[in-house]
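Bear in mind these aren't lab numbers, they're just calculated from the coordinates by the rules spelled out. Since we're looking at a predicted model, the values are computed, not measured. Backbone-built Cβ (ideal geometry, glycine too); neighbour counts: all protein chains shown.
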Ligand code: OSB
Ligand code: MG
């Protein structure tokens with residue numbers, strides 16, 4: 001039984017070790033909204049994946065925070081929910097859209113339920129793996145030379161898969177050189193919707209490079225063009241931005257627009273919807289994998305739990321804490337195992353402690369939202 005007595009919203013700012021550039025923008029730091037759902041016997045924590053700028057989705061740190069404060073907290077405060085799934089339904093009914101705002105609260109509710117039941121978040125979600133194969137998502141680099149240096153750095157650290165960001169004019173030559181220098185490395189590319197239907201012939205030229213997949217070449221709402229590309233290319237087409245819900249995933253599967261699906265719980269409104277997408281894809285024989293949004297250790301713990309479900313069949317965009325941060329907000333930080341995996345925490349709840357003393361030094365503001373009745 002979940003009865004949320006108050007919600008704490010806090011904003012923290014963390015500098016990335018390296019700027020991260022994708023086709024639609026660049027970021028040097030993450031401004032993150034953390035949410036705490038407080039009940040009389042525990043606290044669940046969630047991380048909002050929205051960015052400072054609306055260049056990946058329309059949501060931003062500020063819109064997400066506003067939705068939580070103004071519209072979402074009131075839909076759950078003081079009410080009695082049997083579990084996180086029912087709380088998620090109340091969030092879905094409360095507003096249209098804004099999945100990242102909903103997901104932050106939803107994932108905190110699953111964290112609460114895991115603690116109440118005395119199980120790990122992974123086992124509450126139905127996970128079966130105890131370690132997750134992971135890779136590194138490498139941002140756009142100024143030159144081929146710098147790209148090769150970056151790849152080498154991560155290969156030396158033990159990563160076995162890389163994802164290279166691409167953009168028009170910043171694509172084939174870079175990836176060809178990468179493939180030449182690392183003939184055996186598992187490699188994939190991500191365009192973040194930078195191409196159009198007229199680029200179809202160009203995109204087919206990636207085929208001989210033996211990529212695991214090409215992620216989101218076209219606009220988020222353009223399933224048909226993705227389906228056309230998938231029909232004429234051997235490289236699996238992966239959808240990220242296009243899959244905002246299980247319903248959108250069903251449309252994509254019906255159109256054969258995706259050979260693979262990237263699931264980010266933040267993008268789809270939380271774990272309940274993420275599991276629906278996972279199950280739909282499993283039934284359709286389409287593999288999924290867990291994406292990332294440069295999360296802190298809190299969001300990383302949530303993502304790892306989800307990625308332990310059985311149909312997550314490609315390496316995740318979940319790297320070790322030290323790929324992103326000088327100091328992560330969780331203790332212990334996430335580290336890479338010698339076999340290129342990250343262990344799924346087995347302890348009750350999140351499985352890692354939150355470094356509250358660090359949070360105290362990087363918090364920009366916080367507010368408590370109480371039950372109104
Ligand atoms: O498209 O997967 C993406 C980061 C921000 C916005 C979009 C994307 C990404 C990543 C980061 O690729 C992956 C990670 O968290 O390591
Ligand atoms: Mg992507």
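In the range 43-54, how many are farther than 17 Å from residue 351 by Cα and within 15 Å of the chain's Cα centre (by Cα)?
Residues in the range 43-54 being farther than 17 Å from residue 351 by Cα and within 15 Å of the chain's Cα centre (by Cα): 4 in total.
Tell me yes or no: at least one residue of the range 289-304 is part of a loop (DSSP other than H, G, I, E, B) and under 23 Å from residue 43 (Cα atoms).
Checked the range 289-304: at least one residue is part of a loop (DSSP other than H, G, I, E, B) and under 23 Å from residue 43 (Cα atoms).
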Within the range 252-268, the residues that are more than 11 Å from the chain's Cα centre (by Cα) and within 22 Å of residue 93 (Cβ to Cβ) are none
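Scan 105, 112, 140 and give me the residue that is in contact (Cβ under 8 Å) with a residue 24 or more places away in the chain and either assigned to a loop (DSSP other than H, G, I, E, B) or more than 21 Å from residue 36 (Cβ to Cβ) (or both).
140
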When every residue in the range 233-268 that is within 12 Å of ligand 2 (Cβ to nearest atom) and not in a loop (DSSP other than H, G, I, E, B) is compared, the one surrounded by the fewest Cβ atoms within 10 Å (Cβ to Cβ) is 260
When the range 186-205 is checked residue by residue, the ones that are under 20 Å from residue 287 (Cβ atoms) and within 16 Å of ligand 2 (Cβ to nearest atom) are 187, 188, 189, 190, 191
Condition set assigned to a loop (DSSP other than H, G, I, E, B) and more than 21 Å from the chain's Cα centre (by Cα), scope the range 183-210, selection farthest from ligand 1 (Cβ to nearest atom): answer is 183
(1) assigned to a loop (DSSP other than H, G, I, E, B); (2) within 24 Å of residue 192 (Cβ to Cβ) all hold for residue 326 apart from (2)
Kindly indicate whether residue 230 is away from ligand 2 (no atom under 16 Å from the Cβ) and crowded, with 18+ Cβ neighbours inside 10 Å.
-> yes
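Condition check: within 16 Å of ligand 2 (Cβ to nearest atom), assigned to a helix (DSSP H, G or I) and over 30 Å from residue 172 (Cβ atoms). Does residue 274 satisfy that?
On the way: within 16 Å of ligand 2 (Cβ to nearest atom): yes; assigned to a helix (DSSP H, G or I): yes; over 30 Å from residue 172 (Cβ atoms): yes.
Answer is yes for this residue.
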Considering residues that are surrounded by fewer than 24 Cβ atoms within 10 Å (Cβ to Cβ) and either closer than 17 Å to residue 66 by Cα or within 20 Å of the chain's Cα centre (by Cα) (or both), the number found within the range 94-116 is 5
Just checking, does the range 117-137 include any residue being surrounded by 18 or more Cβ atoms within 10 Å (Cβ to Cβ), under 20 Å from residue 178 (Cβ atoms) and in contact with a helix residue (DSSP H, G or I) (Cβ under 6 Å, 6 or more places away or on another chain)? yes
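Out of the residues in the range 25-42 that are farther than 15 Å from residue 295 by Cβ and crowded, with 16+ Cβ neighbours inside 10 Å, which is farthest from the chain's Cα centre (by Cα)?
Taking the candidates together, the pick is 39.
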Based on this model, can you work out whether residue 154 counts as farther than 19 Å from residue 229 by Cα and in a loop (DSSP other than H, G, I, E, B)? no
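Among 50, 84, 19, 64, which is the only one that is within 16 Å of ligand 1 (Cβ to nearest atom), crowded, with 18+ Cβ neighbours inside 10 Å and more than 18 Å from residue 300 (Cα to Cα)?
64
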request  = Answer yes or no: is there a residue in the range 23-37 that is part of a loop (DSSP other than H, G, I, E, B), touching a residue at least 60 places away in the same chain (Cβ under 8 Å) and in contact with a strand residue (DSSP E or B) (Cβ under 9 Å, 6 or more places away or on another chain).
outcome  = yes
Apart from one, (1) within 13 Å of ligand 1 (Cβ to nearest atom); (2) not in a loop (DSSP other than H, G, I, E, B) all hold for residue 318; the odd one out is (2)
